[in-house]
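In what follows, a single structure is set out as structure tokens and then discussed.
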Amino acid sequence: MRSFAVFAALLCCCAASPLRVVSEEASTTNLTVYHVNPKSAGALPVNMDTGDALGDLYFYLGQFLLPLECKNVSKQSRAHFDCDNPERVDPNLVATKVDMRVDPEWTTYSACNLCNGTDPFTQQPCKLGTYICDCESRHGPPCDHTKVGQENITEHFAPSIPSPSCNSTLYKLCGEKRHGDQCFDCVKEHYMKLHFLGGCQDRDLEEFCPNPWHTCGEPNGPDWSCWEENIPRKTGGFWYSSMAEGKGKGWQVQSMKTIKEECLKDHVMTAVEKADKEACFPACGKRNITATCWIGCFFDTLLGKDARKSSSRPLGGMAIADVERGWTSAFLPEDQGGCAEESM
């Protein structure tokens with residue numbers, strides 16, 4: 001499901017609790033999750049990744065970057081995967097709300113991506129149109145596929161902000177080489193000092209040197225790269241993986257509603273446009289979601305203007321609860337303003 005899961009695979013190395021209500025049975029928990037995928041992939045989340053409303057918003061809001069992100073795509077860039085991801089660009093996308101009952105003893109998350117010919121983790125061939133799942137056990141214990149995997153968006157995807165001690169040590173040892181080809185070699189050479197004396201974490205070191213996955217703040221770095229890095233700071237949330245081995249054991253579906261992604265998108269866009277306090281959108285003219293002007297207004301309203309150039313300054317923009325309300329309102333009954341249910 002998740003394009004950003006590929007980032008964790010390419011680099012070596014808390015948010016609020018997920019929406020859940022303890023059921024009458026002490027051993028299970030009710031969980032509401034969402035997923036967006038091509039209609040042909042189905043609605044039942046078997047060998048799929050899902051997210052709570054905020055977690056799936058983290059993935060989904062990247063849709064609005066694609067007109068800018070996909071202009072210049074290289075095989076080394078994050079855009080290479082985003083712009084080929086069927087869960088982003090398929091012409092027949094649907095969105096599904098799933099009410100589940102799950103075993104609350106979470107296991108390590110499995111990143112499940114819809115195959116476009118090659119497994120993004122192993123680079124091995126996979127069957128086109130099927131989900132291929134890779135356990136992220138390098139960051140935790142092995143996956144128990146009879147249980148639901150969980151991943152914290154803030155912990156795994158929000159940019160790391162080094163401590164003052166780490167930041168000082170990084171610049172003292174490698175600051176002069178930060179924007180050059182020798183940056184990674186410098187960090188590797190001084191790894192022990194940075195880790196034990198500077199108090200740096202692995203993610204601090206991964207994100208210090210320029211790389212095609214983190215270009216925010218770099219010379220000539222595009223605005224969209226900063227927006228992309230700031231989205232998880234805004235949303236937080238959780239992702240979940242539900243494998244076939246756990247169906248009926250670690251998880252079971254209670255109800256589902258599927259809608260057209262176009263309708264969901266309209267609800268989200270309308271929520272952001274209503275929060276515009278500076279009349280930015282009207283100045284762009286008619287809604288054109290591929291235009292630089294409209295996209296700029298969208299993310300300035302969502303994240304605040306400082307989010308164009310920094311992934312460490314405090315975020316501004318609208319309340320995330322208002323964006324979440326736009327998302328969840330799409331799944332209300334039609335007579336309450338929700339989207340029509342899509343037959344599957």
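The values are calculated or read from the model by the stated rules, or taken from the named source; none is laboratory data. Please read these numbers as outputs of a predicted model, since none were measured by experiment. Cβ placement follows ideal geometry from the backbone for every residue including glycine, while neighbour counts extend to all protein chains displayed.
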TODO: Scan segment 38-53 and give yes if some residue there is at pLDDT 95 or above, in a helix (DSSP H, G or I) and either among the acidic types (Asp, Glu) or within 13 Å of the chain's Cα centre (by Cα) (or both), otherwise no.
DONE: yes
Task: Residue count, segment 97-153 (criterion: more than 17 Å from residue 240 (Cβ to Cβ) and of a type in the set (Phe, Trp, Tyr)) - done: 1
- [ ] Give the residue that is surrounded by the most Cβ atoms within 10 Å (Cβ to Cβ), with candidates limited to residues of segment 258-289 that are part of a loop (DSSP other than H, G, I, E, B) and acidic (Asp, Glu).
- [x] 276
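Taking the condition of being surrounded by 20 or more Cβ atoms within 10 Å (Cβ to Cβ) and over 18 Å from the mean Cα position of the chain (by Cα), how many residues in segment 218-256 meet it?
The total comes to 4.
Within segment 194-208, restricting attention to residues that are modelled with pLDDT of 85 or more and among the acidic types (Asp, Glu), which residue is surrounded by the fewest Cβ atoms within 10 Å (Cβ to Cβ)? Spell out the reasoning first.
First, the residues of segment 194-208 that are modelled with pLDDT of 85 or more: 194-202, 204-205, 208.
Those left that are additionally among the acidic types (Asp, Glu): 202, 204.
On the way: 202: 14, 204: 22.
Checked segment 194-208; the qualifying residue surrounded by the fewest Cβ atoms within 10 Å (Cβ to Cβ) is 202.
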TODO: Check off (1) touching a helix residue (DSSP H, G or I) at 6+ places or on another chain (Cβ under 9 Å); (2) within 25 Å of residue 262 (Cβ to Cβ); (3) crowded, with 20+ Cβ neighbours inside 10 Å for residue 115 and give me the number that stays unchecked.
DONE: (3)
TODO: Could you check residue 302 against (1) farther than 10 Å from residue 230 by Cβ; (2) crowded, with 17+ Cβ neighbours inside 10 Å and say which number it fails?
DONE: (1)
- [ ] Go over the candidates 4, 59, 81 one by one and state the one that is in contact with a helix residue (DSSP H, G or I) (Cβ under 9 Å, 6 or more places away or on another chain) and modelled with pLDDT of 95 or more.
- [x] 59
- [ ] Working only within segment 263-301, note down all residues that are over 21 Å from the mean Cα position of the chain (by Cα) and hydrophobic (A, V, I, L, M, F, W, C).
- [x] 275, 279, 280, 281, 283, 284, 291, 293, 294
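Could you grab me the full set of residues in segment 156-191 that are surrounded by 15 or more Cβ atoms within 10 Å (Cβ to Cβ) and of a type in the set (Asp, Glu)? It would help to see each step written out before you state the result.
Narrowing segment 156-191 to residues surrounded by 15 or more Cβ atoms within 10 Å (Cβ to Cβ): 156-160, 162, 166-167, 169-170, 173-175, 177-178, 183-184, 186-187, 190.
Of everything in segment 156-191, nothing turns out to be surrounded by 15 or more Cβ atoms within 10 Å (Cβ to Cβ) and of a type in the set (Asp, Glu).
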TODO: Sort out for me the strands (runs of 3 or more DSSP E) sitting completely within segment 108-217 that have 2 or more residues that are outside the structural domain of residue 92 (by TED's automatic domain parsing) and over 17 Å from the mean Cα position of the chain (by Cα).
DONE: none
- [ ] Would you mind stating whether residue 293 is surrounded by 14 or more Cβ atoms within 10 Å (Cβ to Cβ), modelled with pLDDT of 95 or more and within 28 Å of residue 70 (Cα to Cα)?
- [x] no
